[in-house]
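What follows is a short report on a single structure.
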Amino acid sequence: MKAMVLKEISPIENEPLKMEDLPDPVPGLKEILVKISACGVCHTELDEIEGRLPPNLPIVLGHQIVGRVKKLGPGVTKFNLGDRVGIAWINSACGECHFCKEGHENLCSEFRGTGCHVNGGYAQYAVVSEDFAYLIPKIFSDAEATPLLCAGAIGYRDLILSGIKKGQTLGLFGFGASAHIVIQIAKYWGCEIFVFTRGEEHRNLAQKLGASWSGGPEDEPPRKLHCVIDFTPVGETVPHALKVLEKGGRLVLAVIRKRNPIPPLDYARLLWDEKEIKSVANITRRDAREFLSLAAEIPIIPEVQEFKLEEANRALILLKQGRIRGAGVLTMPD
Ligand SMILES: [Zn+2]
Ligand SMILES: [Zn+2]
């Protein structure tokens, strides 16, 4: 199969992903072989490539995979040949520790990420345990479904963890793939949304999707916000986000790594009054399942920008520069 392979940590500008021919993977016990049609690109892949979240090398990146079941390993009972399935970031967890047993499999010490600990979707094929694949609702095209599996599912988790209630005010810092899905759920739940982002184009998209206000990351919104989700990879947004937060409000940090440190926080001005900060780590299968059905119900049809598999480096450079409108998706050669 054709695959874009990462062999060493490097700035994305050096175009470290190389096209290679790899043997087709073989499905083991209770695994399915998926012929991939589309795979989303994600900020996490930039973190992996540039070493902030080092993957097992060499690796095929990509954890927003949509394709069709091509082969069944021994003992598979949940899928049939030809089923359209998705594979997300959660590739496996131990199933036995107290995190797994209490519904926090995202925090399992044995958590393995697709395209980080095992090969992912920047390729024509991938294998996955049948327990970690999801049927994709008919309403979405292959490319449209890919961002739902990470940007969407984790955005849904961010929203749940923010504790937002119907009719409350929600702030979003940064307006990339995840935020443009979150805004649609929040709108559906009757929340009022305020978007903080530098790009004019991103602000326009935010307004189009129902933001009642948009401005720069340092601007003052017309009201205090009950919950804020910070999707940006930079540290400086944290004090700004805390400043616009209502008393007792919660700030959710939605990225795996900040590229630069969070500046010192003035306790009296920014944290007192029972403000909270919470980070988000990984997703559970439940997040993916609940979100896929919610997305079909609303419905949320993500805006995608398609690239060919061999253009993966370019897609990631554009992602780093904040120049992808909606979500970037790689489409596979036949
Ligand atoms: Zn992702
Ligand atoms: Zn576990």
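The values are calculated or read from the model by the stated rules, or taken from the named source; none is laboratory data. Please read all numbers here as calculations on a predicted model, not as lab measurements. Note that we place each Cβ from the backbone using ideal geometry, even for glycine, and neighbour counts take in every protein chain shown. Heads up: the accessible areas ignore ligands, DNA and RNA and are worked out on the full protein's heavy atoms, side chains in. Shrake-Rupley method; radii C 1.70, N 1.55, O 1.52, S 1.80 Å.
The conditions of being open to solvent by 10 Å² or more (accessible area, probe 1.4 Å), away from ligand 2 (no atom under 16 Å from the Cβ) and in contact (Cβ under 8 Å) with a residue 60 or more places away in the chain are met by residue 142.
In this structure, is residue 33 away from ligand 2 (no atom under 16 Å from the Cβ) and either among the aromatic types (Phe, Trp, Tyr) or part of a strand (DSSP E or B) (or both)?
yes
Checked against the criteria, residue 101 does not count as touching a Leu at 6+ places or on another chain (Cβ under 8 Å), farther than 19 Å from residue 134 by Cα and open to solvent by 30 Å² or more (accessible area, probe 1.4 Å).
The residues of region 140-171 that are among the hydroxyl-bearing types (Ser, Thr, Tyr), under 28 Å from residue 310 (Cα atoms) and within 16 Å of ligand 1 (Cβ to nearest atom) amount to a single one, 146. The combined condition, being touching a residue at least 24 places away in the same chain (Cβ under 8 Å) and open to solvent by less than 20 Å² (accessible area, probe 1.4 Å), is fulfilled by residue 185. Can you confirm whether residue 173 is under 20 Å from residue 243 (Cα atoms), over 20 Å from the mean Cα position of the chain (by Cα), modelled with pLDDT of 95 or more and not polar (S, T, N, Q)? Here the answer is no, as residue 173 does not meet what is asked.
Among the residues of region 19-47, the one identified as within 16 Å of ligand 1 (Cβ to nearest atom) and among the hydroxyl-bearing types (Ser, Thr, Tyr) is 44. Residues in region 73-121 that are more than 16 Å from ligand 1 (Cβ to nearest atom) and polar (S, T, N, Q) were compared, and the one that is farthest from residue 61 (Cα to Cα) is 77. Within region 282-304, does at least one residue satisfy the condition of being in a loop (DSSP other than H, G, I, E, B), open to solvent by 20 Å² or more (accessible area, probe 1.4 Å) and within 30 Å of residue 94 (Cβ to Cβ)? Scanning region 282-304 turns up at least one residue that is in a loop (DSSP other than H, G, I, E, B), open to solvent by 20 Å² or more (accessible area, probe 1.4 Å) and within 30 Å of residue 94 (Cβ to Cβ). Residues in region 257-281 that are out of contact with any Pro (no Cβ under 9 Å at 6 or more places or on another chain) and either closer than 17 Å to residue 157 by Cα or in a loop (DSSP other than H, G, I, E, B) (or both): 261, 272, 273, 274, 275, 276, 277, 278, 279, 280, 281. Among all positions in region 172-180, there is at least one residue which is open to solvent by 10 Å² or more (accessible area, probe 1.4 Å), of a type in the set (A, V, I, L, M), within 16 Å of ligand 1 (Cβ to nearest atom) and in contact with a Cys (Cβ under 9 Å, 6 or more places away or on another chain).
Taken residue by residue, region 122-139 has no member that is part of a loop (DSSP other than H, G, I, E, B), away from ligand 1 (no atom under 16 Å from the Cβ), over 13 Å from the mean Cα position of the chain (by Cα) and modelled with pLDDT under 95.
Looking across region 219-268, the residues that are over 26 Å from the mean Cα position of the chain (by Cα) and either modelled with pLDDT under 95 or among the hydrophobic types (A, V, I, L, M, F, W, C) (or both) come down to 265, 268. For region 188-216, the tally of residues that are within 22 Å of residue 319 (Cβ to Cβ) and open to solvent by less than 20 Å² (accessible area, probe 1.4 Å) stands at 7.
Residue by residue, here is whether (1) within 16 Å of ligand 2 (Cβ to nearest atom); (2) hydrophobic (A, V, I, L, M, F, W, C); (3) surrounded by 24 or more Cβ atoms within 10 Å (Cβ to Cβ) holds:
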position: 49; (1), (2), (3): no, yes, yes
position: 57; (1), (2), (3): no, yes, no
position: 69; (1), (2), (3): no, yes, no
position: 73; (1), (2), (3): no, no, no
position: 114; (1), (2), (3): no, no, yes
position: 133; (1), (2), (3): no, yes, yes
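Residues being open to solvent by less than 10 Å² (accessible area, probe 1.4 Å), out of contact with any strand residue (DSSP E or B) (no Cβ under 8 Å at 6 or more places or on another chain) and modelled with pLDDT of 95 or more are entirely absent from region 20-31. For region 86-112, taking the residues that are within 18 Å of the chain's Cα centre (by Cα) and of a type in the set (Phe, Trp, Tyr), the one that is nearest to ligand 2 (Cβ to nearest atom) is identified as 111. Taken over region 43-72, residues that are at pLDDT 95 or above, among the charged types (D, E, K, R) and assigned to a helix (DSSP H, G or I) amount to 2.
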